[in-house]
Amino acid sequence: MMSDSPVRPPVGVDARVVSMDQFRGYTVLGMFLVTYLEEFANVYHTFKHNELYFSYADTIMPSFIFAVGFSFRISITRRLVQFGKLRTYFSYCKRSLGLCLVSIVLFGIGAHFNSFGEFYLNPQVQLAPEEYMQYLRVAPDQLSEDYVKNRLRAPMMQSEKWKLPPGDSLAELQKEAIEDRVAAQYSLFVKSHEEYHQYVSYLEAKQQIQLQESIKEKIGEGELSEEQLTAEQKELVEKVIVKPEYISAPYLFPKSLHILKLLLKSHLWETLAIIGVTQLVVLPFINMPFWTRFAVMLLFGISHVWMTYAFNWQFLWGYTENFTYVNPNHGLNNWMGDIWRTGNDRGWDGGCFGVFGWAVVMLAGSLSYDIMKGNSARKNVSHLLVWGIGFLSIGYMLSCLASFYDTGEALEAENKRILASNGIYQDESEREMSLDKFIQKQNETTRDKIEKLIVQPVESSQVMSYRAKGHPASPVIPPIEQFSKRSLTSLLAPLPFMKNVSDQLPNYWLVWKRIVSLPFVLVSTGIAFLVLALFVAIVDIGNIQVGIFRTFGMNPLAAYAIHRVLVITLLPEFLPKDAETWMVLLGLGVFIAIIYLLVRSLEKQQIYIRM
């Protein structure tokens, strides 16, 4: 079905793949739909992103990236012939950087400063920023050394105790080492405190000089006489005011570096930036033969699983124990966080290492270009359907691994089934009891038998961080020893778009977008293949095109930028969050209409924004 010879999918008179333009336009419109509906309470659950199951909203961004992969494959084959390797690859590097910059312009950097005083916070001092700023504002003569040292000492003592075996106490040498660290931290704090109050003294002197000059000016213009001055004003006029020396923003660079690290870890990863960086990751492979790209795609998927296991789960979620990133006693091994020093900041959409997952989607999109040879639209539909069903099926089977993390009612129901099938229950009333209550009523022999039969819940994380609360100790390697005890039906995951009501600890095998898990990547890619097959059938076989899809599909960057501006400026003022459904739908129609009219105007003028 695939070869390394040039492929020619169905194209229009302007050399564009019409069915792909329609597919891309659908994904852009879907993005606007989801962005709008996400803001309101009275919206059906599948139109919103969530962290428990795969919703319709979760299909849109992967489908758009899939479309980018398709177009990427077309454009690079043309550009390489026209411009050669160096110019072509350099142009894509510039394009990727441009997309990241546009994303930052539209979404910001995820951080802001409330006051200039924040540049006097030394990032090396282990205090929460709000608490640090509170102590910084205390006057020098009112600052309590003991109090600040106690606030520095408490988390250090706790972190060191957590590293000890249960019941052990800190040795004297450990306590002395902690006191040395406290003294060093306090010294850094005092330095920043002095620098901050030098700045405050400068501001006060500057304000007094301005007031002094204002009074003198009024006297000179005759608005005030010296007899009208109050005693305080006379004293101020006669006073010789000297502006004290101060250091302006002494921690600007380390503070800016910290914000840059947070940006790269978490805040950068909106749609355009993800596309830009993923293109860079895929760029060395996009012109390779079909099966080579397929192998690279598999490698990216496996690499993402390994990275999540090795470090990215704890790094992405921001596991820390009072500024400590590694504590084997509790299973804390956030060594990547220790390198970045980004604290308990939590990422989304996979963070900086999520691009390896998104690369699978983009490469799959490039494969779809090769699959659509253009020999026959009907063959293209059948081929896309086969690939879509294959991706979807494998993704769903992998998502069933999430069932090993069942807890609560789901696990209790399965354990009751196990006891019933082994003849443990004497009557129906015993089965209606809670499992714990039933076990307590049994004799020791029966209890031992039950303990061997039932499925034990997966071990919870022992990391002393609110980020780890409710997480499993091993979110990537499931407890497959449960397999011999459980029924196959109990291990089946919910189908896509079905609300998951079972109790499960968060784990890698959920079909969720936050981690960009492999099941999520495969399921969403499978759906992209199937939807593209639908558009090939409608456009290439049925010869039907939808105007709004064409308009958005041929100018997606302009449409995306316009929709983002409307979300920021119009949406917050338009409707209340708890608006009834009819009002939300009415507002949605207005929202889409405004975007369409603006983008359609650009289309009529043949203005297309390209990067």
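The values are calculated or read from the model by the stated rules, or taken from the named source; none is laboratory data. Since we're looking at a predicted model, the values are computed, not measured. Heads up, the Cβs are rebuilt from the backbone with ideal geometry, glycines too, and the neighbour counts pull from every protein chain shown. To get the accessible areas, we keep the full protein, side chains included, count just its heavy atoms, and leave off ligands, DNA and RNA. Shrake-Rupley method; radii C 1.70, N 1.55, O 1.52, S 1.80 Å.
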Revision key, fill the gap. So the FRET efficiency between Y44 and S393, C-beta based with R0 = 25 Å and rounded to 0.05, is 0.40
**Study point:** Virtual spin-label span in nm between W335 and S256, 7 Å along Cα→Cβ
**Key:** 3.3 nm
**Study point:** Karplus (6.51, -1.76, 1.60) ³J(HN,Hα), θ = phi - 60°, over region 312-322, in Hz, Gly and Pro reported as x
**Key:** 6, 4, 5, 5, 5, 7, x, 5, 8, 10, 6
Check your understanding: So what does the Cα-only Debye profile of region 350-493 read at q = 0.13, 0.20 Å⁻¹, as log10 I(q)/I(0), no solvent term?
Key -> -0.78, -1.23
Review point. Kirkwood Rh, region 184-311, all Cα pairs: how many Å?
Key: 21.5 Å
Point to revise | Straight-distance crosslink candidates among lysines, where the alpha carbon sits under 28 Å from K499 and sequence neighbours closer than 8 are dropped | key: K48, K416, K469, K485, K513, K577
Exercise for review: Can you tell me how much longer the chain between F113 and E580 gets when fully stretched, taken as 0.36 nm per residue apart minus their C-alpha distance, in nm with one decimal?
Suggested key: 164.5 nm
Check your understanding: Once you list every other residue whose beta carbon is under 15 Å from the beta carbon of S403, what net charge do they have if Lys and Arg are +1 and Asp and Glu are -1?
Key -> -3
Exercise for review: Beta carbons within 10 angstrom, averaged per residue: use that to sort the peptides 526-532, 98-104, highest first.
Suggested key: 526-532, 98-104
Revision key, fill the gap. Per the 1/(1 + (r/R0)^6) rule, R0 = 25 Å and r from the Cβ atoms of N344 and L52, FRET efficiency to 0.05 is 0.65
**Study point:** Point-charge dipole on Cβ atoms (K/R +1, D/E -1) for the chain, about Cα centre, debye to 20
**Key:** 3300 debye
Study note, to complete from the structure: Distance in nm between K441 and E131 label points, each 7 Å along Cα→Cβ, equals 4.9 nm
Review point. Roughly speaking, to the nearest percent, how much of region 116-253's 1.4 Å accessible area is carbon and sulfur?
Key: 50 percent
Exercise for review: Report the one residue of I389, L566, V516 whose Cα lies farthest in the direction of the positive end of the charge dipole of the chain (charges on C-beta: Lys and Arg +1, Asp and Glu -1; origin at the Cα centre).
Suggested key: I389
Review point. E232 to S169: extension gain in nm, 0.36 nm per residue of separation minus the Cα-Cα distance?
Key: 16.6 nm
Exercise for review: Please compute the Cα-Cα pair-distance distribution of the chain with 20 Å bins starting at 0, giving whole percents from short to long.
Suggested key: 16, 39, 31, 13, 2, 0
Point to revise | Potential lengthening between K218 and I302 on full extension [0.36 nm per residue; Cα-Cα distance subtracted] | key: 22.6 nm
Review point. Hey, with R₀ at 56 Å, roughly what FRET efficiency would L188 and Q426 work out to, going by the Cβ-Cβ distance, to 0.05?
Key: 0.20
Review point. What does the convex hull of the Cα atoms of region 116-253 come to per residue, in Å³, rounded to a whole number?
Key: 139 Å³
Check your understanding: Under a plain spin-label model, where a point goes 7 Å from the Cα along Cα-to-Cβ, how far apart in nm are D503 and E204?
Key -> 5.8 nm
Study note, to complete from the structure: In Å, the Kirkwood estimate of hydrodynamic radius for region 509-558 over Cα pairs equals 12.9 Å
Review point. Which cross-chain or sequence-distant (5 or more) residues have an amide H under 5 Å from the amide H of N333, H modelled 1.01 Å from N in plane?
Key: N327
Check your understanding: For region 177-250, what is Rg from Cα atoms divided by 2.2 N^0.38 Å, rounded to two decimals?
Key -> 1.75
Review point. Long-range amide H contacts for Q504: which residues qualify at under 5 Å (H placed 1.01 Å from N, peptide plane, sequence gap of 5 or more or a different chain)?
Key: T407
Revision key, fill the gap. Residues meeting the amide H criterion for S460 (H placed from the backbone, H to H distance under 5 Å, 5 or more places apart or on another chain) are A473
Check your understanding: Taking each full run of DSSP H in the chain as one helix, which ones are at least 30 Å long along their axis (Cα atoms) and have mean Kyte-Doolittle hydropathy of at least 1.6?
Key -> 581-604
Review point. Which of P123, F72, L99 sits closest to the plus end of the dipole of region 65-137, meaning its Cα is farthest towards the positive end, when Lys and Arg get +1 and Asp and Glu get -1 on the C-beta?
Key: F72
Check your understanding: So what's the back-of-envelope 222 nm ellipticity for the chain, counting only DSSP H runs of four-plus at -39500 (n - 2.57) apiece and dividing by all residues, rounded to 500?
Key -> -18500 deg cm²/dmol
